[in-house]
Amino acid sequence: MSEPKPKQDEPIKRMLAPVRLEFTVSAGRDKTAFLGAIIEGRILGGRCPSCRKVYVPPRGCPTCGVEMVGDIPISDHGVVTTFCTVSIPFEGQTMKLPYVYASIVLDGADVPIFHLVDGIDAKDARMGLRVRADWRPPAERKPTMESIRAFVPTGEPDAAFDTYKEHL
Amino acid sequence: MERCAVIGVGQTKHAAKRDDLSMIGLVREAATRALEDAGLTFRDIDAVVIGKAPDMFEGVMMPELFLAEALGAVGKPMMRVHTAGSVGGSTAIVAAHLVSAGIHQRVLTVAYEKQSESDAMWALSPKYPFQPPLMAGAGGYFAPLIRAYIRRSNAPNDVGVRVAVKDRLNALKNPYAHLKMPEISAAQVEASPMLWDPIRYLETCPSSDGACAMVLSSETAARSAPHRPAWVHATATRSEPNLFAGRDQVNPRAGRDCAAALYKQAGITDPRKQLDAAEIYVPFSWFEPMWMENLGFAPEGEGWKMTLEGATALGGDMPINPSGGVMSSNPIGASGMLRFAEAALQVRGQAGEHQVEGAKLAMGHAYGGGSQFFAMWIVGDARP
Ligand SMILES: [Zn+2]
């Protein structure tokens with residue numbers, strides 16, 4: 001937003017009052033382990049002892065309200081369940097347009113993660129596309145999901161709709 | 001439980017930028033209209049319940065603090081409700097409960113958003129922990145769900161276009177609506193830029209400044225109201241977590257449960273047959289068919305047929321959003337209350353050019369967050 005500049009003789013109807021916000025997140029026990037693994041190029045999940053569902057990242061089970069046990073290694077390969085191709089510019093955006101924002105269920109997980117899909121023309125993005133993590137080099141990794149630069153197609157045949165429809 | 005009636009309804013002229021008014025002026029424009037409709041003044045009000053979308057949307061923390069005096073709440077109970085996009089609906093429901101619980105006789109409820117004062121797209125696209133910074137506003141969140149709906153239901157591609165045209169044509173009959181597009185056509189919607197594939201620019205709600213207010217009263221207080229009241233027949237709210245294994249985000253359980261509880265209270269077994277009109281929260285045109293299924297107006301996978309058959313048009317057998325809906329005016333915090341208020345206007349026979357003839361029972365609906373907060377009510381012309 002830029003400072004509104006009223007023309008001469010025009011009433012001053014608006015003024016600019018900037019707000020800036022930074023915040024710190026306490027990761028907690030499960031996600032501390034998750035972020036540590038990300039730096040090492042690994043993905044950790046947690047399994048609910050009650051419903052047996054596997055969450056990435058691990059968390060308290062939203063369905064059962066219980067803690068998850070164990071740090072379960074999760075594949076960095078998965079399937080695009082659904083996605084959108086973003087072509088809208090907006091304040092604070094850092095991505096080059098258009099880009100594909102996808103819901104990806106990693107093999108062995110029961111909930112999706114959300115990430116960039118590239119290495120494919122945006123118009124060829126599709127539901128069921130098999131993808132794998134393209135990790136940044138170890139020296140560039142930080143404890144964030146951006147340590148995975150993007151997900152890229154594996155070249156495998158597309159997953160059948162029935163195999164991922166329960167994740168929509 | 002006491003009966004609760006809507007005896008006053010007010011809304012602003014919604015616009016992209018109401019820079020003729022401060023935030024205070026905006027809420028007062030709606031509130032004074034509602035009071036006037038109810039034949040009351042601020043002095044007659046027992047309590048004020050206010051709602052708006054998250055503070056980051058305007059960059060103002062707790063605006064209810066400085067709005068209290070503008071809404072005549074000095075020395076009276078005032079509270080703010082906060083349920084993301086559904087807030088306008090749940091705010092009205094909290095106000096209705098204060099009446100039906102017998103706590104207050106006359107409650108003023110207000111919801112608003114002055115979107116031009118900040119940037120909701122920015123506020124909805126922060127760097128979330130444990131996610132890369134790819135989120136692109138509400139459209140970026142809901143477009144994948146729309147894609148999943150189209151895939152699951154095999155809906156033809158032009159359903160979203162049809163809803164976008166229908167709602168803008170309805171808005172031409174609503175003097176308060178933001179978008180006025182007399183030339184709107186399917187070709188124009190189809191030619192508009194694809195912002196979040198599969199959502200086009202004209203399949204998206206606008207960004208609006210606006211407010212809505214209602215005066216809710218007990219049966220006793222309703223007796224002295226100058227105009228016909230709308231009676232609250234049922235209210236329901238439900239929520240669910242944003243993400244859990246097996247979550248159906250296209251047809252969320254919380255929405256289905258909320259509708260079921262609502263219909264049970266109102267004695268409704270066949271909503272499409274028994275309701276005369278519905279104002280449903282449709283911020284992206286594809287959500288009309290999606291919510292038709294979620295609310296039980298159509299079997300799963302067949303909501304789009306209602307749109308294509310013209311059932312949801314003004315003059316169809318189940319008019320949806322005769323006011324033009326969220327697709328034509330979207331002051332986010334107020335959008336849910338506008339749905340509730342428009343339902344009340346219908347059964348009071350006060351909807352003007354967009355009146356559904358003879359409407360006796362109407363529904364107001366709002367949803368928020370990642371399709372995870374739901375608020376609904378049914379109002380009627382007869383006492384429940
Ligand atoms: Zn569980």
Subject >> Value in Å of the Kirkwood radius, where chain B supplies the Cα pairs that are averaged >> reply: 20.3 Å
Subject >> Convex hull of Cα atoms in region A:76-168, direction-averaged projection (nm²) >> reply: 6.7 nm²
Original post:
Just going by the charge dipole of region A:76-168, with Lys and Arg at +1 and Asp and Glu at -1 on Cβ, which of A:His77, A:Gln93, A:Ile120 is farthest out on the positive end?
Top reply: A:Gln93
**OP:** Give me the compactness ratio for region B:242-384, meaning the Cα radius of gyration over 2.2 N^0.38 Å.
**Re:** 0.97
**OP:** Evaluate the Kirkwood expression for the hydrodynamic radius of region B:187-319, namely the inverse of the mean inverse distance over all pairs of different C-alpha atoms, and round to one decimal in Å.
**Re:** 17.6 Å
Original post:
Over all residues in B:187-198, what is the mean tally of Cβ atoms on other chains that come within 10 Å of each residue's Cβ?
Top reply: 3
Original post:
Just from its helices, what would the mean residue ellipticity at 222 nm be for the protein assembly as shown, if runs of 4 or more DSSP H residues each count -39500 (n - 2.57) and the sum is divided by every residue, rounded to the nearest 500 deg cm²/dmol?
Top reply: -7500 deg cm²/dmol
Subject >> DSSP bridge orientation in chain B - percent antiparallel, rounded to nearest 5 >> reply: 75 percent
Original post:
Just the accessible area per residue of the protein assembly as shown, please: how many Å² with a 1.4 Å probe?
Top reply: 41 Å²
**OP:** Normalise the Cα radius of gyration of region B:342-382 by 2.2 N^0.38 Å (N = residues in it) and let me know the number.
**Re:** 1.35
Original post:
Taking every residue in A:15-27, how many Cβ atoms of other protein chains lie within 10 Å of its Cβ, on average?
Top reply: 2
**OP:** Whole Å is fine, so just give me how far the alpha carbon centre of region B:243-260 lies from that of region B:343-368.
**Re:** 26 Å
**OP:** Using θ = phi - 60° and the Karplus relation 6.51 cos²θ - 1.76 cosθ + 1.60, list the HN-Hα couplings for region B:248-264 in order, rounded to whole Hz, with x at every Gly or Pro.
**Re:** 8, 7, 6, 10, x, 4, 4, x, 5, 5, 4, 5, 4, 5, 5, 5, 4
Subject >> Average Cα contact separation per residue, chain B, under 8 Å, 6 or more apart, as relative contact order % >> reply: 26 percent
Subject >> Under the Debye formula (equal points on every Cα, no solvent term), log10 I(q)/I(0) of region B:120-195 at q = 0.20 Å⁻¹ >> reply: -1.02
**OP:** Enumerate by residue number the trypsin sites (Lys or Arg not before Pro) in region A:66-126 meeting two conditions: DSSP loop (anything except H, G, I, E, B), and at most 11 other Cβ atoms within 10 Å of the site's Cβ.
**Re:** A:Lys96
Original post:
How large is the charge dipole for the protein assembly as shown, taken about the Cα centre, if only the Cβ atoms of Lys, Arg (+1) and Asp, Glu (-1) carry charge, to the nearest 20 debye?
Top reply: 560 debye
Original post:
How big is the charge dipole of chain B about its Cα centre, in debye rounded to the nearest 20, if each Lys and Arg gets +1 on its Cβ and each Asp and Glu gets -1 on its Cβ?
Top reply: 460 debye
Subject >> Translational diffusion coefficient (Stokes-Einstein; Kirkwood radius from C-alpha pairs) of region A:27-74 at 25 °C, 0.890 mPa s, in µm²/s >> reply: 234 µm²/s
Original post:
Given N residues in region B:119-159, what is Rg(Cα) / (2.2 N^0.38 Å)?
Top reply: 1.47
**OP:** State, as an integer percentage, the relative contact order of chain A based on alpha-carbon contacts under 8 Å between residues 6 or more apart.
**Re:** 19 percent
**OP:** Quick one: work out Rg over Rh on the C-alpha atoms of the protein assembly as shown, Rh as Kirkwood radius.
**Re:** 0.98
Original post:
Residue by residue, what Karplus-based ³J(HN,Hα) values in Hz, rounded to whole numbers, does region B:197-207 have, using 6.51, -1.76 and 1.60 with θ = phi - 60° and x for Gly and Pro?
Top reply: 3, x, 9, 8, 3, 7, 9, 10, 6, x, 10
Original post:
About its Cα centre, what dipole magnitude does region A:76-168 give when the only charges are +1 on Lys and Arg Cβ and -1 on Asp and Glu Cβ, stated in debye to the nearest 20?
Top reply: 260 debye
Subject >> Förster-model FRET efficiency, 41 Å R0, A:Thr163 and B:Ile103, C-beta, rounded to 0.05 >> reply: 0.15
**OP:** Please give the average number of partner chain Cβ atoms lying within 10 Å of the Cβ of each residue in A:115-121, rounded to a whole number.
**Re:** 1
Subject >> Residue-by-residue Karplus 3J(HN,Hα) for region A:150-167, coefficients 6.51, -1.76, 1.60, Hz, glycine and proline x >> reply: 5, 9, 10, x, 8, x, 6, x, 4, 6, 5, 3, 4, 6, 10, 5, 6, 9
Original post:
Mind listing the Cα extents of chain A along all three principal axes, in Å, largest one first?
Top reply: 69, 39, 36
**OP:** Treating cross-link reach as a plain straight distance, find the aspartates and glutamates whose alpha-carbon is under 13 Å from the alpha-carbon of B:Lys52, omitting any fewer than eight places away in the same chain.
**Re:** B:Glu64, B:Glu113, B:Asp209
Subject >> Per principal axis, descending, Cα span of region B:1-111 in whole Å >> reply: 40, 28, 25
**OP:** Report the Stokes-Einstein translational diffusion coefficient (µm² s⁻¹, integer) for region B:197-262, Rh taken as the Kirkwood radius over Cα pairs, at 20 °C with viscosity 1.002 mPa s.
**Re:** 129 µm²/s
Original post:
Just in region A:71-168: which GluC sites (Glu not before Pro) are loop by DSSP and have at most 12 other Cβ atoms within 10 Å?
Top reply: A:Glu91
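The values are calculated or read from the model by the stated rules, or taken from the named source; none is laboratory data. Since we're looking at a predicted model, the values are computed, not measured. Glycine also receives a Cβ, built like all others from the backbone with ideal geometry; neighbour counts cover every protein chain displayed. These area figures cover heavy atoms from the full protein model, side chains too; ligands, DNA and RNA do not enter into them. Shrake-Rupley method; radii C 1.70, N 1.55, O 1.52, S 1.80 Å.
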